1. So, in the range 1-42, of the ones that are among the hydroxyl-bearing types (Ser, Thr, Tyr) and buried (at least 16 other Cβ atoms within 10 Å of the Cβ), which residue ends up nearest to ARG182 (Cα to Cα)?
2. Out of ARG69, ARG93, ARG63, report the one residue that is over 17 Å from PRO157 (Cβ atoms) and open to solvent by 30 Å² or more (accessible area, probe 1.4 Å).
3. Of all residues in the range 478-502, which are in contact with a Pro (Cβ under 9 Å, 6 or more places away or on another chain) and within 25 Å of ALA175 (Cβ to Cβ)?
4. Can you find even one residue in the range 257-271 that is open to solvent by 40 Å² or more (accessible area, probe 1.4 Å), assigned to a loop (DSSP other than H, G, I, E, B) and either modelled with pLDDT under 75 or of a type in the set (A, V, I, L, M) (or both)?
5. Is it true that ARG395 is farther than 16 Å from LEU455 by Cα, open to solvent by 50 Å² or more (accessible area, probe 1.4 Å) and in contact with a helix residue (DSSP H, G or I) (Cβ under 8 Å, 6 or more places away or on another chain)?
6. How many of the residues in the range 367-392 are open to solvent by less than 40 Å² (accessible area, probe 1.4 Å) and among the polar types (S, T, N, Q)?
7. Any idea which of ALA240, ALA212 is of a type in the set (A, V, I, L, M) and farther than 22 Å from LEU5 by Cβ?
8. Could you say whether any residue in the range 215-224 is under 27 Å from ALA30 (Cβ atoms), in contact (Cβ under 8 Å) with a residue 12 or more places away in the chain, outside any helix (DSSP H, G or I) and polar (S, T, N, Q)?
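The values are calculated or read from the model by the stated rules, or taken from the named source; none is laboratory data. As the structure is a computational prediction, the values presented were derived from the model and not from experiment. Here the Cβ positions follow ideal geometry from the backbone for every residue, glycine too, while neighbour counts run over all protein chains shown. Ligands, DNA and RNA are stripped out before the accessible areas are found, and what is left, the full protein with its side chains, is counted by its heavy atoms. Shrake-Rupley method; radii C 1.70, N 1.55, O 1.52, S 1.80 Å.
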Amino acid sequence: MPAFLTLSDVSLAAPDGTPLLPPLSLAFGAERTGLTGANGAGKSTLLSVMAGALSPGSGSVARSGTLGRLLQSWPDAGIPVAEAIGAGPGLARLARIEAGDGTETDFAEADWTLPQRVTAALARAGLPEDALESPLGTLSGGQRTRAGIARALLEAPDLLLLDEPTNNLDAEGRALIAGLVRDWAGGVVIASHDRALLEGVDRILELAPTGATLFGGGWSAYAEARAARIARDAAALEEAERDLARARAEARAQAERQARRMGAGRRQGKAGGIPRIVIGAMKQRAEGTAARTRTLGQRAEAEARAARDAAEARIARRAPLKIGAEAGEAHGLVLSLDGVTARRGAFRLGPLDLGLRAGEHVALDGANGAGKSTLLAVIRGRLPPEAGALRRPARLAMLDQHVSDLQAGETLLAALRRTHPALTDEAAHALLARYAFRGERGEAEVSTLSGGERLRAGLALALGGAEPPQLLILDEPTNHLDIEAVELLEAALADYPGAMLVASHDAAFLAAIGIDRHLRLAAGQWAEP
């Protein structure tokens, strides 16, 4: 199978020059490759290098096929959809010819198949043909992704690059992306944390500061191999810790044996009968032996410590989150809506009835634009209802996809004290320690946090008040998390005893945290889930 793109000893670096990945050599042909790794591992950087938008730190990139990227944003939102999908000039040329104003150049460059291909691309992407003249800015985020799909279908590159393509998409949009990947005639490279999407790839390339590892198969095969590797690394770490303990014990034992020998020599010298010059030589030899013994012991201990540190670096030690204690005590209904209506611009929500009981985990679903964000704004008190009765708990907490309670420029401790001013410094430090921010890590600036650390910090802010919330609301919490952070959140929420209302299109996430009931909105009304 010919390669459309080949990387030869390509290394990656962050904008500030920090190395992201050791040299990588790999070919990409007509297969589907998933890119995984922690946020900041270099997935987007690698895609930009492959596309030619960035130069690698070292090495070379050979392209023998056409490349394209799935566009999800455009610098100018005022351009018409026809231009956004790359068909504007071609359609305008055909329009001039049909109007009798075509030039020789127009006739020479005319693509007479373009209108049919545009119609087919728009239909497959789920956009109406009458949207061609609409400004791009009038489309929703999901519709703009659909426009990107239409553009990719028209360009039909040999190798298509996608960067987190399902973020902010509803179930229908995710299905469109999955279909695009499944049916693509050439090769596809996808940077994603969407496990359902990664299930359909042929191989997964995992990026890490220590290097890149290639796994055959989709997500299930990768997860199995990763679990086996983590188990091996954990066993290696345990063995390395035992070796270090043995090295330390042996060093102490040797030191004690040498001390006893030196003590015996001193007592023999005091007993007399041995010339002073001999005693001095014996003392010198004993001190030399003791020094060599210490050196050998220190060397053995240092080697064992280095092996332990290397084993510890290989294993992804994720401190588990236990947030059950932060669930507010509640009984009966914690949230009720009785004929509630609300309006946001031209959109009208309701009338809606809803009852959510203590300890219940409820998923809120619906296509983009169905009213989920409007409903959450009403429940949180950010948007007053026009009619109906709303009873919500006195204490509720919110965790959204951007962890927006965190503000750039402040430390974790400052963010916690701002959110919960009643906490003492001691209580604030103790709370941060429960979320794995111990000691000086509590003074870390928000801008320096990884995706997983932002998640921990967001949960600390949401759940860490003197009186825990009676209802926890999560709004697309997995959109910008890497896979390990998503798994961390799943493990934390699976046993959460409090009431939860979760808006998410991530079916795997919802299954993992244990949902008792599904609610679905359609055009501001309840629909069949």
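1. Top of the filtered list is THR33.
2. The match here is ARG93.
3. The answer is VAL486, LEU489, VAL502.
4. Going through the range 257-271, the residues open to solvent by 40 Å² or more (accessible area, probe 1.4 Å) turn out to be 257, 259-262, 264, 266-268, 270-271.
When the remaining residues are screened for being assigned to a loop (DSSP other than H, G, I, E, B), the result is 271.
From the residues that got through so far, the ones that are either modelled with pLDDT under 75 or of a type in the set (A, V, I, L, M) (or both) too are 271.
Checking the range 257-271: at least one residue is open to solvent by 40 Å² or more (accessible area, probe 1.4 Å), assigned to a loop (DSSP other than H, G, I, E, B) and either modelled with pLDDT under 75 or of a type in the set (A, V, I, L, M) (or both).
5. Spelling it out, it is not the case that ARG395 is farther than 16 Å from LEU455 by Cα, open to solvent by 50 Å² or more (accessible area, probe 1.4 Å) and in contact with a helix residue (DSSP H, G or I) (Cβ under 8 Å, 6 or more places away or on another chain).
6. 1
7. Details: ALA212 fails: farther than 22 Å from LEU5 by Cβ.
When all the criteria are applied, what remains is ALA240.
8. Within the range 215-224, none of the residues are under 27 Å from ALA30 (Cβ atoms), in contact (Cβ under 8 Å) with a residue 12 or more places away in the chain, outside any helix (DSSP H, G or I) and polar (S, T, N, Q).
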